[in-house]
Amino acid sequence: MAKDLAFTCSACGAATSKWSGKCEACGAWNTIHEDTGLAAGPKKTSIGGRRGKTLKLTDLATQEAAPPRTLAGVDELDRVLGGGLVKASALLVGGDPGIGKSTLMLQAAARFARNGLKVIYVSGEESNAQVQMRALRLGLEKSPVMLASDTNLRDILTTLEAEKADLTIIDSIQTMWADHVDSAPGSVSQVRTCAHELTTFAKTHDMSVIMVGHVTKEGAIAGPRVVEHMVDTVLYFEGERGHQFRILRSVKNRFGPADEIGVFEMTGKGLAEVRNPSALFLSERGEPAPGSVVFAGIEGTRPVLCEIQALVAPSPHSQPRRSVVGWDGGRLAMIMAVLESRCGVPFTGLDVYLNVAGGLRISEPAADLAVAAALVSAREDAALPKEAVIFGEISLSGALRPVIQTENRLKEAQKLGFTSAIMPRAPKGTGAAGLELREMQDLASFVEQVFGARQG
């Protein structure tokens, strides 16, 4: 089959299916040229030759106004959002079942509604009566939040267009159903399509949308990964069911810092913000015990102190167990290998358990030295000083590397009553008044100075 040819007039842009010497539209001569189109290939698999409209371009020097924000009035939530909710933004909130996502979203909806936003809460998992029962339990029954219970995306978008809402909360994205997609709700194609339609609608109608997403057993949001790429902000709601602490972590934010955390406490009246997380994470810490270390970490833009606990015991199994809660298991194996090869501290035939108290999850490498200290302390049954904090990164050679925001870590430790810090060598002038600094060059010297001598 011959290729379909198209011709365009360079003077007026008129299109024709055949060449001629004179343009019938503008009357110009010798202006008809063959049009190659935008793309070649089959029509079903390529964009084809048809052109669209020309975009308006700007340069880097053009000053654009900052997007308007609305504060929730909850410091921890506003901190994670980067300074409030940005207009016409799309957010994705994920978390384990029963962790409190719906409670958090309902409280956030009530807060934003009280601050002047027109808020619509759409639940695909509960009826309006069930949502009202939760609002009554939380004391939010008088908040000006409008409710809807439906899963049909077409009906939801039609309603949102008519109501002209400022903020819409979708609970959850896995229950939404687009009638033009031939698959069941919760499938990859449905989740991808619904998320794309909601995000596009939010951008074109100056409406913010928050989508609640369930997570898999591995902790990632269920559905295609592209959903996280579509939205502006991705938040994870973390916490252990046995603890009352809940952590809202920002893993992606186009309008603020990533890796910022907000700490909440689950109470009978819902989630209450925690203004001093360090004091809360250390509140259950008792007298000094072997394997207990206080780590001075940085979460986002603020320092947070937490307790790292380790237990080393003889293993009754041929393959010793390695159990980790709140930290990377691969990094634990690396620290143990460095301790054995560089410091002569073996863990052969020993079960190793590591836990970050309070349900906090640590990802920064600055916790390496604190973990190593907890492991050696547990193995040697020697408690570390109660008033000391430890932080530092360990290299494979056993050297200790300085970490970022050392001064902020030290100030937070001093504020909570700690008197000394064990850390790598820091630049001159780093420190806090009244805080004793014990600077270590490498891991071997740390083991020698803190625990007496190298272990053979």
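A Stokes-Einstein calculation at 20 °C with viscosity 1.002 mPa s, built on the Kirkwood radius of region 91-199 over Cα pairs, returns a diffusion coefficient of 149 µm²/s.
Across all directions, the average projected area of the convex hull around the alpha carbons of region 1-157 is 17.5 nm².
Magnitude of the Cβ-charge dipole of the chain, K/R +1 and D/E -1, about the Cα centre, nearest 20 debye? Write down the numbers at each step before the final one.
Numbers: 49 positive and 51 negative charges, 168 e Å.
Around 800 debye, computed over the chain.
Amide H contacts for Ile298 (H built 1.01 Å from N in the peptide plane; partners 5 or more residues away or on another chain; cut-off under 5 Å): Val304. Geometric descriptor of region 272-342, per residue, is 155 Å³ (volume of the convex hull of the Cα atoms). Kindly state, to the nearest 0.05, the FRET efficiency for Ser46 paired with Ala333, given R0 = 51 Å and r defined as their beta-carbon distance. According to the calculation, E is roughly 0.55. If you take the charge dipole of the chain about its Cα centre, with +1 on Lys and Arg Cβ and -1 on Asp and Glu Cβ, which of His317, Gly286, Ala72 is farthest toward its positive end? Of the listed residues, the answer is Ala72.
Residues whose amide H lies under 5 Å from that of Ala88, counting only those 5 or more places away or on a different chain, are Met207, Ser208; hydrogens are built 1.01 Å from N in the peptide plane.
Here region 306-404 yields Rg over Rh of 0.94, to two decimals, using C-alpha coordinates and the Kirkwood radius.
Database remark: amide H of Val215 closer than 5 angstrom to the amide H of Gly95, Ala222 (H placed geometrically; neighbours at sequence offset of 5 or more, or on other chains; Pro and chain starts carry no H).
Distance between the modelled labels on Lys142 and Glu161, one decimal in nanometres: 3.8 nm (7 Å Cα→Cβ projection). For the chain, the share of alpha carbon pairs falling in successive 10 Å distance bins from zero is 4, 17, 21, 18, 16, 12, 6, 4, 2, 0 percent. Distance between the pseudo-spin-label points of Ala220 and Asn30 (7 Å out from Cα toward the beta carbon): 6.1 nm.
For region 143-265, the spread of Cα coordinates along the three principal axes comes to 41, 33, 27 Å, biggest extent given first. Among the listed pairs Lys118/Lys142; Lys56/Lys118; Lys164/Lys252, those whose Cα-Cα separation exceeds 23 Å are Lys56/Lys118; Lys164/Lys252. Of the residues Val181, Val191, Thr267, the one whose Cα sits farthest towards the positive end of the charge dipole of region 171-271 is Thr267 (charges of +1 on Lys and Arg Cβ, -1 on Asp and Glu Cβ, taken about the Cα centre). Counting only alpha carbon atoms, the long axis of helix 153-163 and the longest principal axis of the chain meet at about 80°. Summing +1 for each Lys or Arg and -1 for each Asp or Glu among the other residues whose beta-carbon sits under 14 angstrom from that of Trp177 gives -4. Computed on the Cα atoms alone, the convex hull of region 280-451 gives a volume of 107 cubic angstrom per residue. In terms of surrounding Cβ atoms within a 10 Å radius of their Cβ, Met133, Met336 rank from fewest to most as Met133, Met336.
Here's the list of lysines a cross-link from Lys18 could span, going by alpha-carbon distance under 28 Å and ignoring same-chain residues fewer than 8 apart: Lys3, Lys43, Lys44, Lys53.
Here the simple spin-label model places points 7 Å from the Cα toward Cβ, and for Glu387 and Thr16 these points are separated by 9.5 nm.
Given the convex hull of the Cα atoms of region 232-292, what is a quarter of its surface area in nm²?
Working: hull surface 23.2 nm².
In nm², the orientation-averaged hull projection of region 232-292 is 5.8.
Which of rounded, prolate or oblate describes region 69-275 when judged by the alpha-carbon gyration tensor and an a/c cut-off of 1.5? Since a/c stays below 1.5, the shape of region 69-275 is classed as rounded.
Every read-out reported here was derived from the displayed coordinates using simple, explicitly stated rules and does not represent laboratory data. Bear in mind that the values here come from a model prediction, so they are computed numbers and not experimental data. Reconstructed Cβ throughout: ideal geometry from the backbone, glycine too, with neighbour counts over all protein chains shown.
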